[in-house]
Amino acid sequence: MKILVLNGPNLGRLDLRDSNIYGDIDFAGLVKFIIKSGEELGLTCDVRQSDSEVEMISWLHEAADQKIPVIINPAAFTHYSYAIRDAADMVSSPLIEVHLSNPMSREEFRHTSVISGVANGTIAGFGPDSYRLALIAITGMLKGVK
Ligand code: DQA
């Protein structure tokens, strides 16, 4: 089973971001971790990153059309992109929102997610493990485990 793992703006430059918040992993390391975590669960992860809202939306359209489950870290788009929310809402397969950090313990503007309302669930604050936990959740959902 293929899973699309979508990452929003500035996550491609993780190594240059605040390591107190995002840890020491760079994006290439995160991709490796996600692919390996997926393989351990029998899932093939297609991990992508874009700084472009247009590209993120086109990937969500692809997931909707091909009924591919999605893990999405919308990054800053989380907090204001109604266009990404509307695209995510069209995905009928499982869609889980993830964050490396816990936005609720950060600045107030990060306390709002316009994506959460159309996601099956949100996992935040566990660093790269947020993605691994989302993969476990998707495995359970695909098996029909509640
Ligand atoms: C983030 C949290 C967002 O608030 C922020 O804009 C990001 C990363 C996270 O993974 O913790 O870019 O989504």
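The values are calculated or read from the model by the stated rules, or taken from the named source; none is laboratory data. What you are looking at is a predicted structure, and each value in this text was computed from that prediction instead of being measured. Heads up, the Cβs are rebuilt from the backbone with ideal geometry, glycines too, and the neighbour counts pull from every protein chain shown. Only protein heavy atoms, including side chains, enter the accessible area calculation; ligands, DNA and RNA are left aside. Shrake-Rupley method; radii C 1.70, N 1.55, O 1.52, S 1.80 Å.
Couple of notes before you dig in:
- Kyte-Doolittle at least -1.0, axis length at least 18 Å by Cα - qualifying DSSP helices, the chain: 27-40, 53-66, 129-142
- Across region 49-146, Cα pairs under 8 Å and at least six residues apart give a relative contact order of 27 percent.
- Region 91-146: C-alpha gyration tensor shape, a/c 1.5 cut-off, then a/b vs b/c: oblate
- Region 17-87: chymotrypsin sites (Phe, Trp or Tyr not before Pro) falling in loop per DSSP and having at most 16 other Cβ within 10 Å: Tyr80
- Heavy-atom accessible surface of the chain, averaged per residue, reaches 50 Å², computed with a 1.4 Å probe.
- Protection-proxy order for peptides 67-73, 35-41, 125-131, each taking the mean of Cβ atoms within 10 Å per residue, highest first: 67-73, 125-131, 35-41
- Long-range Cα-Cα pairs in the chain (distance over 22 Å), rounded percent: 32 percent
- GluC sites (Glu not before Pro) within region 97-143: DSSP coil, no more than 15 neighbouring Cβ in 10 Å: Glu107
- In the chain, the portion of solvent-accessible area held by carbon and sulfur atoms comes to 51 percent [1.4 Å probe, whole percent, DNA, RNA and ligands not counted].
- Cα gyration tensor shape for region 1-87, rounded if a/c is under 1.5, else prolate or oblate: oblate
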